[in-house]
Structures are given as structure tokens and as C-alpha cells.
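Take a look at the structure set out below.
The values are calculated or read from the model by the stated rules, or taken from the named source; none is laboratory data. Given the structure is predicted, the values throughout are model-derived calculations rather than measurements. For neighbour counting, all protein chains shown are included, and Cβ atoms are generated from backbone atoms with ideal geometry for every residue, glycine included.
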Amino acid sequence: MSQNNLYGTDKTWTAADYAIGRKMNGYWANFIKTGNPNGGSLAQWPVTEENATVQHLFEEWFETLKTY
């Protein structure tokens, strides 16, 4: 079981899972330290407004999300 997630799972992580996990850890660490998730070599995480449609694109993951 991977220990690098919030929920604990018995699913085997792929290389892509570890890659996104490392990036998300970076965003969380930046946010905790500065109040801003952006920094370093990470892709910019844009500020969003209420009721905005946002899209996130990583190497192997794309999703359109509606904010509320």
C-alpha cells in the first residue's frame, strides 16, 4: 500500500501516480509555507473565481471542473 495519499488504498501505484503525487506534494508544501501553491518548476495553478470552469492538464490526466 502506498503511504503517499490521503485515503490509503490497496491499489498498486503506477509511475504516473507517483509523478502526480510528487507534484501535488509540492503544491501542498508551497501552499502551507506561503499561502500560494505555485513555485519552483511546477505548472502555475491559477486563481479561480466562484462559478468558474477550470481545466487541469498534467502528463496523463485531464479534467474539466466546475467551481462552486
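What's the number of the only condition in (1) at pLDDT below 80; (2) outside any strand (DSSP E or B) that LEU57 fails to meet?
Status for LEU57: all satisfied but (2).
Within the range 30-53, does at least one residue satisfy the condition of being modelled with pLDDT under 85 and not in a loop (DSSP other than H, G, I, E, B)?
Yes, because at least one residue in the range 30-53 is modelled with pLDDT under 85 and not in a loop (DSSP other than H, G, I, E, B).
Scan the range 11-23 for residues that are of a type outside the set (Asp, Glu) and either within 18 Å of VAL47 (Cβ to Cβ) or touching a residue at least 12 places away in the same chain (Cβ under 8 Å) (or both) and jot them down.
ALA16, TYR18, ALA19, ILE20, GLY21, LYS23
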